[in-house]
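What follows is one structure encoded as C-alpha coordinates, with my remarks underneath.
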Amino acid sequence: MHAMHRHDYIVVGSGAGGSAAAYRLARAGADVLLLERGGHLPTDGSTFDPEQVLRQGRFRSREQWQDRHGRTLVPEECFNLGGKTRWYGAALARFAREEFAADPVRQFDAWPLSPDQLAPYYAEAEALLGARHFEPEPDLARICRRLVRPGTGWRSEPLLLGLAENILDFHREAAYFDGFALNGGLKADAESRLLARVSHQPNFNVMVDVHVTSLLEDESDARFVSGVRSSDGRVFHCRHLVLAAGAMHSPRLLQDYLATSGLQDELPGAAHVGRNYKRHVLSAVLGFAARPQRDVLRKTQLLLNSRHPHSSVQPLGGSIDREIVRQALPDWLPRSVVEAFSRRVYGFFLQTEEGSHSDNRVQAGAAAQLPKLDYDPTRLPEAEREHRRLVRDFKRGLLGAGLLPFAQRIGLAGSAHAVGTLRAGATPQDSVVDADGRVHGMQNLYVADGSVLPRIGRLNPALTIYAWSLRVADRLLGSPVT
Ligand SMILES: Cc1cc2nc3c(=O)[nH]c(=O)nc-3n(C[C@H](O)[C@H](O)[C@H](O)COP(=O)(O)OP(=O)(O)OC[C@H]3O[C@@H](n4cnc5c(N)ncnc54)[C@H](O)[C@@H]3O)c2cc1C
(Lines give C-alpha, C1' and ligand atoms only; values in the text may rest on other atoms or scores of the structure.)
Protein backbone atom coordinates (compact mmCIF):
# COMPACT_ATOMS: atom_id res chain seq x y z
CA MET A 1 0.00 0.00 0.00
CA HIS A 2 1.22 3.53 -0.83
CA ALA A 3 1.90 5.89 2.04
CA MET A 4 -0.52 8.83 1.98
CA HIS A 5 0.99 11.79 0.13
CA ARG A 6 0.35 15.20 1.59
CA HIS A 7 0.80 18.11 -0.79
CA ASP A 8 1.93 21.43 0.62
CA TYR A 9 -0.97 23.06 -1.18
CA ILE A 10 -4.06 21.92 -3.01
CA VAL A 11 -5.73 24.54 -5.17
CA VAL A 12 -9.33 23.81 -6.23
CA GLY A 13 -10.17 25.43 -9.58
CA SER A 14 -7.93 26.79 -12.34
CA GLY A 15 -9.56 30.09 -13.37
CA ALA A 16 -8.06 33.53 -12.84
CA GLY A 17 -7.70 33.04 -9.10
CA GLY A 18 -6.67 29.39 -8.91
CA SER A 19 -4.06 29.67 -11.65
CA ALA A 20 -2.49 32.82 -10.20
CA ALA A 21 -2.19 31.24 -6.75
CA ALA A 22 -0.92 27.92 -8.13
CA TYR A 23 1.61 29.69 -10.36
CA ARG A 24 3.06 31.68 -7.49
CA LEU A 25 3.18 28.76 -5.04
CA ALA A 26 4.72 26.38 -7.58
CA ARG A 27 7.23 28.99 -8.70
CA ALA A 28 8.46 29.21 -5.10
CA GLY A 29 9.17 25.46 -5.13
CA ALA A 30 6.21 24.26 -3.05
CA ASP A 31 4.53 20.91 -3.78
CA VAL A 32 1.28 22.06 -5.43
CA LEU A 33 -1.65 20.03 -6.74
CA LEU A 34 -4.20 21.90 -8.86
CA LEU A 35 -7.56 20.16 -9.20
CA GLU A 36 -9.87 21.25 -12.01
CA ARG A 37 -13.43 20.07 -12.55
CA GLY A 38 -13.34 20.47 -16.32
CA GLY A 39 -10.94 19.18 -18.95
CA HIS A 40 -8.45 20.59 -21.45
CA LEU A 41 -10.13 22.53 -24.21
CA PRO A 42 -9.50 21.18 -27.72
CA THR A 43 -6.93 22.98 -29.86
CA ASP A 44 -8.54 22.16 -33.23
CA GLY A 45 -10.10 25.60 -33.73
CA SER A 46 -13.56 24.53 -32.51
CA THR A 47 -13.33 26.90 -29.52
CA PHE A 48 -13.37 29.93 -31.81
CA ASP A 49 -15.89 28.59 -34.27
CA PRO A 50 -19.15 30.54 -33.73
CA GLU A 51 -21.22 27.61 -34.99
CA GLN A 52 -19.93 25.24 -32.30
CA VAL A 53 -19.52 27.81 -29.52
CA LEU A 54 -22.68 29.89 -29.90
CA ARG A 55 -25.19 27.91 -31.93
CA GLN A 56 -24.46 24.41 -30.67
CA GLY A 57 -23.36 25.59 -27.20
CA ARG A 58 -20.80 22.78 -27.25
CA PHE A 59 -18.63 24.16 -24.44
CA ARG A 60 -21.36 25.55 -22.19
CA SER A 61 -21.90 24.35 -18.65
CA ARG A 62 -24.91 22.08 -18.26
CA GLU A 63 -25.14 22.50 -14.49
CA GLN A 64 -28.70 23.30 -13.50
CA TRP A 65 -29.60 25.73 -10.75
CA GLN A 66 -32.85 27.16 -9.45
CA ASP A 67 -33.69 30.81 -9.02
CA ARG A 68 -35.48 32.27 -6.02
CA HIS A 69 -38.85 31.24 -7.45
CA GLY A 70 -37.72 27.64 -7.99
CA ARG A 71 -37.37 28.07 -11.77
CA THR A 72 -34.51 26.20 -13.43
CA LEU A 73 -31.60 28.10 -14.97
CA VAL A 74 -28.15 27.23 -16.31
CA PRO A 75 -25.65 29.93 -15.37
CA GLU A 76 -22.88 30.97 -17.76
CA GLU A 77 -20.14 28.95 -16.04
CA CYS A 78 -17.03 27.52 -17.70
CA PHE A 79 -15.80 24.15 -16.49
CA ASN A 80 -12.45 23.73 -18.24
CA LEU A 81 -8.77 24.27 -17.51
CA GLY A 82 -8.32 28.05 -17.23
CA GLY A 83 -11.96 28.56 -16.18
CA LYS A 84 -13.74 31.62 -17.50
CA THR A 85 -10.48 33.26 -18.53
CA ARG A 86 -10.32 30.99 -21.58
CA TRP A 87 -13.55 32.66 -22.77
CA TYR A 88 -13.21 36.16 -21.39
CA GLY A 89 -12.91 39.37 -23.36
CA ALA A 90 -9.43 40.05 -21.93
CA ALA A 91 -10.31 43.58 -20.73
CA LEU A 92 -7.90 44.04 -17.84
CA ALA A 93 -8.73 46.91 -15.52
CA ARG A 94 -7.56 48.00 -12.08
CA PHE A 95 -10.14 49.19 -9.58
CA ALA A 96 -9.98 52.94 -8.93
CA ARG A 97 -8.69 54.04 -5.52
CA GLU A 98 -12.15 55.06 -4.37
CA GLU A 99 -13.47 51.61 -5.21
CA PHE A 100 -11.65 50.22 -2.19
CA ALA A 101 -13.74 52.34 0.21
CA ALA A 102 -17.20 51.86 1.68
CA ASP A 103 -20.25 53.87 0.63
CA PRO A 104 -23.26 53.01 2.81
CA VAL A 105 -25.77 54.80 0.55
CA ARG A 106 -24.79 52.62 -2.41
CA GLN A 107 -24.43 49.52 -0.17
CA PHE A 108 -20.71 49.32 -1.08
CA ASP A 109 -18.43 47.58 1.43
CA ALA A 110 -14.81 48.48 2.10
CA TRP A 111 -11.88 46.31 1.14
CA PRO A 112 -9.71 45.13 4.04
CA LEU A 113 -6.71 46.14 1.87
CA SER A 114 -5.58 49.55 0.72
CA PRO A 115 -5.09 50.18 -3.01
CA ASP A 116 -1.36 50.51 -2.29
CA GLN A 117 -1.23 47.01 -0.83
CA LEU A 118 -2.69 45.55 -4.02
CA ALA A 119 -0.76 47.80 -6.44
CA PRO A 120 2.40 45.66 -6.76
CA TYR A 121 0.27 42.60 -7.49
CA TYR A 122 -1.74 44.48 -10.10
CA ALA A 123 1.56 45.41 -11.75
CA GLU A 124 2.80 41.82 -11.58
CA ALA A 125 -0.45 40.48 -13.05
CA GLU A 126 -0.32 42.99 -15.92
CA ALA A 127 3.26 41.99 -16.67
CA LEU A 128 2.53 38.24 -16.54
CA LEU A 129 -0.45 38.71 -18.85
CA GLY A 130 1.39 41.02 -21.21
CA ALA A 131 -1.44 43.57 -20.96
CA ARG A 132 -1.25 46.31 -23.60
CA HIS A 133 -3.17 49.08 -25.33
CA PHE A 134 -4.16 48.95 -28.98
CA GLU A 135 -4.70 51.89 -31.31
CA PRO A 136 -8.37 52.90 -31.49
CA GLU A 137 -9.79 51.65 -34.80
CA PRO A 138 -11.49 54.09 -37.22
CA ASP A 139 -15.18 53.28 -36.65
CA LEU A 140 -14.88 53.40 -32.87
CA ALA A 141 -12.77 56.56 -33.03
CA ARG A 142 -15.58 58.16 -35.04
CA ILE A 143 -18.27 57.02 -32.59
CA CYS A 144 -16.22 58.28 -29.62
CA ARG A 145 -15.60 61.67 -31.29
CA ARG A 146 -19.34 62.16 -31.76
CA LEU A 147 -20.28 60.86 -28.33
CA VAL A 148 -17.66 62.69 -26.29
CA ARG A 149 -18.95 66.24 -26.59
CA PRO A 150 -18.92 69.05 -24.02
CA GLY A 151 -21.83 68.87 -21.62
CA THR A 152 -22.55 65.17 -22.20
CA GLY A 153 -20.33 63.86 -19.38
CA TRP A 154 -18.76 61.25 -21.70
CA ARG A 155 -15.03 60.64 -21.94
CA SER A 156 -13.07 57.84 -23.59
CA GLU A 157 -9.90 56.10 -22.42
CA PRO A 158 -7.74 53.35 -23.86
CA LEU A 159 -8.67 49.93 -22.49
CA LEU A 160 -5.90 47.56 -21.36
CA LEU A 161 -6.22 44.23 -23.17
CA GLY A 162 -4.67 40.84 -22.61
CA LEU A 163 -4.07 40.13 -26.29
CA ALA A 164 -0.84 39.31 -28.11
CA GLU A 165 0.78 42.27 -29.84
CA ASN A 166 0.45 40.55 -33.23
CA ILE A 167 -3.16 39.41 -32.77
CA LEU A 168 -4.26 41.39 -35.84
CA ASP A 169 -2.06 39.14 -38.00
CA PHE A 170 -4.48 36.32 -37.13
CA HIS A 171 -7.72 37.44 -38.76
CA ARG A 172 -10.04 34.81 -37.37
CA GLU A 173 -8.68 34.93 -33.83
CA ALA A 174 -8.75 38.73 -33.77
CA ALA A 175 -12.43 38.58 -34.70
CA TYR A 176 -13.32 35.78 -32.28
CA PHE A 177 -11.60 36.34 -28.93
CA ASP A 178 -14.40 37.77 -26.74
CA GLY A 179 -16.60 34.86 -25.72
CA PHE A 180 -14.29 32.38 -27.49
CA ALA A 181 -11.14 30.49 -26.46
CA LEU A 182 -7.92 30.93 -28.47
CA ASN A 183 -4.84 28.76 -28.84
CA GLY A 184 -1.16 29.54 -28.68
CA GLY A 185 -1.30 32.35 -26.15
CA LEU A 186 -2.91 34.88 -28.54
CA LYS A 187 -5.20 35.77 -25.66
CA ALA A 188 -3.66 36.15 -22.20
CA ASP A 189 -5.70 33.62 -20.28
CA ALA A 190 -4.82 31.83 -17.05
CA GLU A 191 -3.73 28.65 -18.80
CA SER A 192 -1.36 30.20 -21.35
CA ARG A 193 0.12 32.96 -19.16
CA LEU A 194 0.24 31.37 -15.70
CA LEU A 195 -0.06 27.58 -15.75
CA ALA A 196 2.18 27.21 -18.81
CA ARG A 197 5.01 28.94 -16.92
CA VAL A 198 5.14 26.24 -14.25
CA SER A 199 3.68 23.18 -15.97
CA HIS A 200 7.15 21.66 -16.55
CA GLN A 201 8.09 21.81 -12.88
CA PRO A 202 8.16 18.46 -11.02
CA ASN A 203 6.72 20.08 -7.89
CA PHE A 204 3.56 21.12 -9.78
CA ASN A 205 0.74 18.78 -10.77
CA VAL A 206 -2.49 19.58 -12.56
CA MET A 207 -5.32 17.07 -12.58
CA VAL A 208 -8.30 17.77 -14.83
CA ASP A 209 -11.77 16.22 -14.72
CA VAL A 210 -11.58 16.14 -10.94
CA HIS A 211 -14.80 17.53 -9.50
CA VAL A 212 -14.14 18.33 -5.84
CA THR A 213 -17.31 17.63 -3.90
CA SER A 214 -16.22 17.95 -0.26
CA LEU A 215 -13.52 19.23 2.02
CA LEU A 216 -12.12 16.77 4.55
CA GLU A 217 -11.94 17.53 8.22
CA ASP A 218 -8.82 16.87 10.27
CA GLU A 219 -9.55 14.16 12.86
CA SER A 220 -8.43 16.25 15.80
CA ASP A 221 -9.73 19.70 14.87
CA ALA A 222 -12.37 20.70 12.33
CA ARG A 223 -10.68 24.08 11.97
CA PHE A 224 -8.01 22.23 9.97
CA VAL A 225 -8.94 20.90 6.54
CA SER A 226 -6.90 17.80 5.75
CA GLY A 227 -7.76 17.56 2.06
CA VAL A 228 -10.59 17.09 -0.41
CA ARG A 229 -12.74 14.32 -1.91
CA SER A 230 -13.81 14.23 -5.55
CA SER A 231 -17.07 13.05 -7.11
CA ASP A 232 -15.52 9.66 -7.98
CA GLY A 233 -14.48 9.08 -4.35
CA ARG A 234 -10.79 9.91 -4.68
CA VAL A 235 -9.16 11.63 -1.72
CA PHE A 236 -6.29 14.14 -1.88
CA HIS A 237 -4.42 15.39 1.19
CA CYS A 238 -2.74 18.72 1.84
CA ARG A 239 -1.35 21.02 4.49
CA HIS A 240 -3.06 24.12 3.12
CA LEU A 241 -6.17 24.28 0.98
CA VAL A 242 -6.84 27.13 -1.45
CA LEU A 243 -10.43 27.37 -2.69
CA ALA A 244 -10.65 28.93 -6.16
CA ALA A 245 -13.67 27.24 -7.75
CA GLY A 246 -15.28 30.60 -8.54
CA ALA A 247 -17.94 32.65 -6.77
CA MET A 248 -20.77 30.26 -7.71
CA HIS A 249 -18.96 27.17 -6.40
CA SER A 250 -16.44 27.92 -3.64
CA PRO A 251 -19.17 29.05 -1.21
CA ARG A 252 -21.12 25.82 -1.77
CA LEU A 253 -18.08 23.71 -0.86
CA LEU A 254 -17.63 25.77 2.30
CA GLN A 255 -21.35 25.65 3.19
CA ASP A 256 -21.28 21.85 2.98
CA TYR A 257 -18.15 21.68 5.11
CA LEU A 258 -19.56 23.93 7.80
CA ALA A 259 -22.76 21.87 7.92
CA THR A 260 -21.05 18.46 8.14
CA SER A 261 -18.25 19.52 10.51
CA GLY A 262 -20.58 21.25 12.94
CA LEU A 263 -18.71 24.55 12.53
CA GLN A 264 -21.84 26.22 11.22
CA ASP A 265 -22.67 27.64 14.64
CA GLU A 266 -19.09 28.19 15.78
CA LEU A 267 -17.21 29.81 12.94
CA PRO A 268 -17.42 33.58 13.23
CA GLY A 269 -18.07 34.38 9.56
CA ALA A 270 -20.30 31.35 8.83
CA ALA A 271 -23.46 33.44 8.50
CA HIS A 272 -21.99 35.31 5.49
CA VAL A 273 -20.96 32.28 3.42
CA GLY A 274 -22.66 32.44 0.01
CA ARG A 275 -24.17 35.88 0.64
CA ASN A 276 -23.56 39.26 -1.06
CA TYR A 277 -23.55 37.79 -4.58
CA LYS A 278 -22.71 40.47 -7.15
CA ARG A 279 -22.41 40.37 -10.95
CA HIS A 280 -22.84 43.98 -12.19
CA VAL A 281 -26.09 45.31 -13.55
CA LEU A 282 -25.50 44.53 -17.21
CA SER A 283 -26.95 45.43 -20.57
CA ALA A 284 -25.84 44.85 -24.13
CA VAL A 285 -26.58 47.69 -26.56
CA LEU A 286 -26.39 47.06 -30.30
CA GLY A 287 -26.04 50.14 -32.49
CA PHE A 288 -26.84 49.89 -36.21
CA ALA A 289 -24.98 52.23 -38.55
CA ALA A 290 -25.89 53.25 -42.08
CA ARG A 291 -22.63 51.86 -43.45
CA PRO A 292 -20.65 48.69 -42.71
CA GLN A 293 -18.45 48.79 -39.59
CA ARG A 294 -14.98 47.47 -40.36
CA ASP A 295 -13.15 47.59 -37.01
CA VAL A 296 -11.69 44.22 -36.07
CA LEU A 297 -10.80 44.17 -32.34
CA ARG A 298 -13.32 46.88 -31.41
CA LYS A 299 -12.64 46.62 -27.67
CA THR A 300 -9.85 49.20 -27.69
CA GLN A 301 -11.50 52.08 -25.84
CA LEU A 302 -13.51 52.46 -22.67
CA LEU A 303 -16.30 54.99 -22.25
CA LEU A 304 -17.01 56.59 -18.88
CA ASN A 305 -19.54 59.24 -17.93
CA SER A 306 -19.23 61.58 -14.95
CA ARG A 307 -23.03 61.47 -14.51
CA HIS A 308 -22.88 57.73 -13.97
CA PRO A 309 -19.79 57.40 -11.79
CA HIS A 310 -20.26 53.70 -10.96
CA SER A 311 -20.75 52.56 -14.53
CA SER A 312 -18.67 51.88 -17.62
CA VAL A 313 -19.23 51.09 -21.29
CA GLN A 314 -16.96 48.99 -23.48
CA PRO A 315 -17.41 47.67 -26.99
CA LEU A 316 -18.07 43.97 -27.37
CA GLY A 317 -14.83 42.43 -28.65
CA GLY A 318 -14.34 41.31 -32.23
CA SER A 319 -17.29 39.94 -34.18
CA ILE A 320 -19.44 38.67 -31.35
CA ASP A 321 -21.97 41.45 -31.99
CA ARG A 322 -22.31 40.27 -35.60
CA GLU A 323 -22.94 36.74 -34.40
CA ILE A 324 -25.59 37.98 -31.95
CA VAL A 325 -27.39 39.69 -34.84
CA ARG A 326 -27.08 36.62 -37.08
CA GLN A 327 -28.65 34.50 -34.34
CA ALA A 328 -31.38 36.95 -33.42
CA LEU A 329 -32.76 37.49 -36.93
CA PRO A 330 -35.41 35.00 -38.13
CA ASP A 331 -34.32 32.12 -40.37
CA TRP A 332 -36.73 33.08 -43.17
CA LEU A 333 -34.88 36.36 -43.87
CA PRO A 334 -32.69 36.15 -46.99
CA ARG A 335 -29.02 35.63 -46.14
CA SER A 336 -28.08 38.89 -47.89
CA VAL A 337 -30.38 40.84 -45.55
CA VAL A 338 -28.96 39.13 -42.45
CA GLU A 339 -25.43 39.89 -43.61
CA ALA A 340 -26.29 43.51 -44.38
CA PHE A 341 -27.56 43.99 -40.82
CA SER A 342 -24.71 42.11 -39.16
CA ARG A 343 -22.04 44.09 -41.01
CA ARG A 344 -23.56 47.37 -39.79
CA VAL A 345 -23.71 46.57 -36.08
CA TYR A 346 -21.43 47.91 -33.31
CA GLY A 347 -22.10 46.26 -29.96
CA PHE A 348 -21.42 47.59 -26.47
CA PHE A 349 -21.49 46.15 -22.97
CA LEU A 350 -22.81 48.48 -20.26
CA GLN A 351 -22.07 47.67 -16.64
CA THR A 352 -22.97 49.31 -13.36
CA GLU A 353 -21.50 48.47 -9.99
CA GLU A 354 -24.05 47.02 -7.61
CA GLY A 355 -23.70 46.94 -3.85
CA SER A 356 -23.90 44.09 -1.37
CA HIS A 357 -27.19 42.70 -0.16
CA SER A 358 -27.04 39.70 2.13
CA ASP A 359 -30.19 38.16 0.60
CA ASN A 360 -28.55 38.01 -2.83
CA ARG A 361 -26.89 34.67 -2.39
CA VAL A 362 -25.74 31.26 -3.53
CA GLN A 363 -27.02 28.25 -1.60
CA ALA A 364 -25.77 24.69 -1.89
CA GLY A 365 -28.69 22.36 -2.64
CA ALA A 366 -29.43 19.73 -0.01
CA ALA A 367 -29.27 16.12 -1.28
CA ALA A 368 -30.96 15.75 -4.71
CA GLN A 369 -31.81 19.44 -4.78
CA LEU A 370 -30.44 21.95 -7.25
CA PRO A 371 -28.17 24.71 -5.97
CA LYS A 372 -30.01 27.99 -5.63
CA LEU A 373 -29.18 31.47 -6.89
CA ASP A 374 -31.33 33.88 -4.94
CA TYR A 375 -30.73 37.23 -6.62
CA ASP A 376 -33.08 40.14 -7.03
CA PRO A 377 -31.67 43.36 -8.53
CA THR A 378 -34.43 45.43 -6.92
CA ARG A 379 -32.70 44.85 -3.57
CA LEU A 380 -30.09 47.33 -4.81
CA PRO A 381 -32.22 50.25 -6.04
CA GLU A 382 -29.37 52.78 -6.40
CA ALA A 383 -27.56 50.56 -8.91
CA GLU A 384 -30.79 49.93 -10.80
CA ARG A 385 -31.47 53.65 -11.04
CA GLU A 386 -27.97 54.50 -12.25
CA HIS A 387 -28.02 51.69 -14.80
CA ARG A 388 -31.35 52.76 -16.28
CA ARG A 389 -30.04 56.32 -16.66
CA LEU A 390 -26.80 55.02 -18.16
CA VAL A 391 -28.61 52.96 -20.79
CA ARG A 392 -30.89 55.89 -21.66
CA ASP A 393 -27.96 58.34 -21.98
CA PHE A 394 -25.83 55.94 -23.96
CA LYS A 395 -28.63 55.14 -26.39
CA ARG A 396 -29.19 58.85 -26.86
CA GLY A 397 -25.45 59.36 -27.45
CA LEU A 398 -25.32 56.54 -30.00
CA LEU A 399 -28.26 58.03 -31.85
CA GLY A 400 -26.38 61.33 -31.96
CA ALA A 401 -23.38 59.44 -33.34
CA GLY A 402 -25.54 58.07 -36.16
CA LEU A 403 -26.28 54.57 -34.83
CA LEU A 404 -29.74 53.21 -34.13
CA PRO A 405 -29.55 51.58 -30.68
CA PHE A 406 -31.30 48.53 -29.20
CA ALA A 407 -30.71 47.57 -25.56
CA GLN A 408 -31.07 44.18 -23.93
CA ARG A 409 -30.70 43.52 -20.18
CA ILE A 410 -28.51 40.51 -19.31
CA GLY A 411 -30.54 38.07 -17.23
CA LEU A 412 -29.83 35.99 -14.17
CA ALA A 413 -27.97 33.26 -16.08
CA GLY A 414 -25.31 35.84 -17.00
CA SER A 415 -22.89 34.88 -14.23
CA ALA A 416 -19.74 35.85 -16.17
CA HIS A 417 -18.81 38.48 -13.55
CA ALA A 418 -20.04 36.59 -10.45
CA VAL A 419 -18.17 37.68 -7.31
CA GLY A 420 -18.58 38.43 -3.62
CA THR A 421 -19.98 35.24 -2.06
CA LEU A 422 -17.08 34.75 0.41
CA ARG A 423 -16.32 38.36 0.88
CA ALA A 424 -13.12 39.61 2.42
CA GLY A 425 -13.29 42.00 5.32
CA ALA A 426 -11.54 43.22 8.41
CA THR A 427 -13.68 41.36 10.94
CA PRO A 428 -15.55 38.03 11.03
CA GLN A 429 -18.65 39.98 12.01
CA ASP A 430 -19.02 41.23 8.46
CA SER A 431 -16.99 38.88 6.26
CA VAL A 432 -15.80 35.34 5.56
CA VAL A 433 -12.09 35.77 4.81
CA ASP A 434 -9.44 38.15 6.15
CA ALA A 435 -7.14 40.44 4.20
CA ASP A 436 -4.75 37.53 3.55
CA GLY A 437 -7.50 35.33 2.12
CA ARG A 438 -7.75 33.02 5.16
CA VAL A 439 -11.23 31.98 6.24
CA HIS A 440 -11.81 33.64 9.62
CA GLY A 441 -11.46 31.02 12.34
CA MET A 442 -9.99 28.31 10.07
CA GLN A 443 -6.32 27.36 10.36
CA ASN A 444 -5.36 26.38 6.83
CA LEU A 445 -8.24 27.26 4.49
CA TYR A 446 -7.82 30.13 2.00
CA VAL A 447 -9.90 31.65 -0.79
CA ALA A 448 -8.26 32.92 -3.98
CA ASP A 449 -11.03 33.60 -6.49
CA GLY A 450 -13.68 36.20 -7.26
CA SER A 451 -15.71 35.13 -4.22
CA VAL A 452 -13.67 37.43 -2.01
CA LEU A 453 -14.41 40.74 -3.73
CA PRO A 454 -16.15 43.06 -1.23
CA ARG A 455 -16.92 45.43 -4.14
CA ILE A 456 -17.18 44.65 -7.82
CA GLY A 457 -16.23 48.10 -9.13
CA ARG A 458 -17.47 49.63 -12.35
CA LEU A 459 -15.01 47.68 -14.52
CA ASN A 460 -14.29 44.02 -15.17
CA PRO A 461 -13.07 41.92 -12.26
CA ALA A 462 -10.43 39.49 -13.62
CA LEU A 463 -7.29 41.62 -13.13
CA THR A 464 -8.27 42.24 -9.52
CA ILE A 465 -8.82 38.49 -8.98
CA TYR A 466 -5.40 37.67 -10.45
CA ALA A 467 -3.81 40.34 -8.23
CA TRP A 468 -5.62 39.22 -5.07
CA SER A 469 -4.56 35.62 -5.66
CA LEU A 470 -0.91 36.46 -6.27
CA ARG A 471 -1.02 38.28 -2.94
CA VAL A 472 -2.73 35.40 -1.11
CA ALA A 473 0.00 33.06 -2.38
CA ASP A 474 2.66 35.50 -1.25
CA ARG A 475 1.17 35.64 2.23
CA LEU A 476 0.94 31.84 2.33
CA LEU A 477 4.58 31.48 1.37
CA GLY A 478 5.43 33.77 4.25
CA SER A 479 3.69 31.49 6.75
CA PRO A 480 5.16 28.12 7.79
CA VAL A 481 3.98 24.90 6.14
CA THR A 482 3.20 22.66 9.14
C1 LIG B 1 -17.67 35.40 -21.85
C2 LIG B 1 -16.94 36.06 -20.70
C3 LIG B 1 -16.29 37.27 -20.93
C4 LIG B 1 -15.61 37.89 -19.87
N5 LIG B 1 -14.88 39.03 -20.13
C6 LIG B 1 -14.12 39.56 -19.15
C7 LIG B 1 -13.24 40.63 -19.43
O8 LIG B 1 -13.11 41.09 -20.57
N9 LIG B 1 -12.50 41.13 -18.41
C10 LIG B 1 -12.58 40.62 -17.14
O11 LIG B 1 -11.92 41.14 -16.24
N12 LIG B 1 -13.40 39.60 -16.86
C13 LIG B 1 -14.14 39.03 -17.83
N14 LIG B 1 -14.92 37.95 -17.55
C15 LIG B 1 -14.97 37.48 -16.16
C16 LIG B 1 -13.71 36.71 -15.74
O17 LIG B 1 -13.42 35.71 -16.68
C18 LIG B 1 -13.95 36.13 -14.34
O19 LIG B 1 -14.19 37.21 -13.46
C20 LIG B 1 -12.77 35.34 -13.80
O21 LIG B 1 -12.33 34.34 -14.68
C22 LIG B 1 -13.18 34.71 -12.47
O23 LIG B 1 -12.10 34.00 -11.94
P24 LIG B 1 -12.33 32.92 -10.81
O25 LIG B 1 -11.00 32.30 -10.51
O26 LIG B 1 -13.09 33.54 -9.69
O27 LIG B 1 -13.34 31.83 -11.43
P28 LIG B 1 -13.32 31.01 -12.80
O29 LIG B 1 -12.49 31.67 -13.84
O30 LIG B 1 -14.75 30.71 -13.10
O31 LIG B 1 -12.58 29.65 -12.40
C32 LIG B 1 -13.15 28.71 -11.53
C33 LIG B 1 -12.62 27.33 -11.92
O34 LIG B 1 -12.98 26.40 -10.90
C35 LIG B 1 -13.43 25.20 -11.51
N36 LIG B 1 -14.32 24.53 -10.56
C37 LIG B 1 -15.58 24.91 -10.19
N38 LIG B 1 -16.07 24.06 -9.27
C39 LIG B 1 -15.10 23.14 -9.05
C40 LIG B 1 -15.02 21.99 -8.22
N41 LIG B 1 -16.03 21.67 -7.39
N42 LIG B 1 -13.90 21.21 -8.27
C43 LIG B 1 -12.86 21.54 -9.08
N44 LIG B 1 -12.88 22.65 -9.89
C45 LIG B 1 -13.99 23.42 -9.87
C46 LIG B 1 -14.14 25.67 -12.76
O47 LIG B 1 -14.25 24.62 -13.70
C48 LIG B 1 -13.23 26.80 -13.22
O49 LIG B 1 -12.19 26.33 -14.04
C50 LIG B 1 -15.61 37.30 -18.57
C51 LIG B 1 -16.25 36.08 -18.36
C52 LIG B 1 -16.91 35.45 -19.42
C53 LIG B 1 -17.59 34.13 -19.16
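Defining a contact as two alpha carbons under 8 Å apart and six or more residues distant in sequence, what relative contact order in percent does segment 244-340 show?
16 percent
Of Met4, Met248, Met207, which has the most accessible area and how do the rest follow, probe 1.4 Å?
Solvent-accessible surface, decreasing: Met4, Met207, Met248.
Could you give the accessible area per residue of the chain, probe 1.4 Å, as a whole number in Å²?
So the chain comes to 40 Å² accessible per residue, rounded to a whole number.
Largest first, what is the accessible-area ranking of Arg252, Arg234 with a 1.4 Å probe?
Order by accessible area, largest first: Arg234, Arg252.
Which value at 222 nm does the chain reach when only helices count, each DSSP H run of 4 or more adding -39,500 (n - 2.57), with the total divided by all residues and rounded to the nearest 500 deg cm²/dmol?
Values: 9 runs with 108 residues, N = 482.
It comes out at -7000 deg cm²/dmol, rounded to the nearest 500.
Using a 1.4 Å probe over the heavy atoms of the protein chains, calculate the carbon and sulfur portion of the accessible area of segment 1-94 as a whole percent.
Ligands and nucleic acids excluded, carbon and sulfur give 47 percent.
Does segment 122-173 come out rounded, prolate or oblate by the C-alpha gyration tensor, with a ≥ b ≥ c the root eigenvalues, rounded set by a/c under 1.5 and, if not, prolate when a/b is larger than b/c and oblate if not?
Details: a/c = 4.72, a/b = 1.56, b/c = 3.03.
Here segment 122-173 falls in the oblate category.
Residues with beta-carbon under 10 Å from that of Pro120, excluding Pro120: net charge, scoring Lys, Arg +1 and Asp, Glu -1?
Overall, the nearby charge balance is -2.
Explain nothing, just the number: relative contact order of the chain, from Cα pairs under 8 Å at least 6 residues apart, as a whole percent.
Computed value for the chain: 25 percent relative contact order.
Let me check something: with ligands and nucleic acids excluded, how do Arg145, Arg106 order by accessible area (1.4 Å probe), largest to smallest?
The most accessible residue leads, giving Arg145, Arg106.
Got a number for carbon plus sulfur as a percent of segment 296-384's accessible area, 1.4 Å probe?
Accessible surface attributable to carbon and sulfur in segment 296-384 totals 54 percent.
Any aspartates and glutamates with Cα under 17 Å of the Lys372 Cα? List them, leaving off those in the same chain fewer than 8 positions away.
Partners found: Glu63, Asp67, Glu76, Glu77, Asp256, Asp359.
Tell me the net charge near Phe100. Cut-off is 12 Å between Cβ atoms, Phe100 excluded, with +1 for each Lys or Arg and -1 for each Asp or Glu.
-2
The values are calculated or read from the model by the stated rules, or taken from the named source; none is laboratory data. This one's a predicted model, so the numbers in the text were calculated from it and none came from an experiment. Cβ: placed from backbone, ideal geometry, glycine included. Neighbour counts: every protein chain shown. SASA here: full protein model, heavy atoms, side chains in, ligands and nucleic acids out. Shrake-Rupley method; radii C 1.70, N 1.55, O 1.52, S 1.80 Å.
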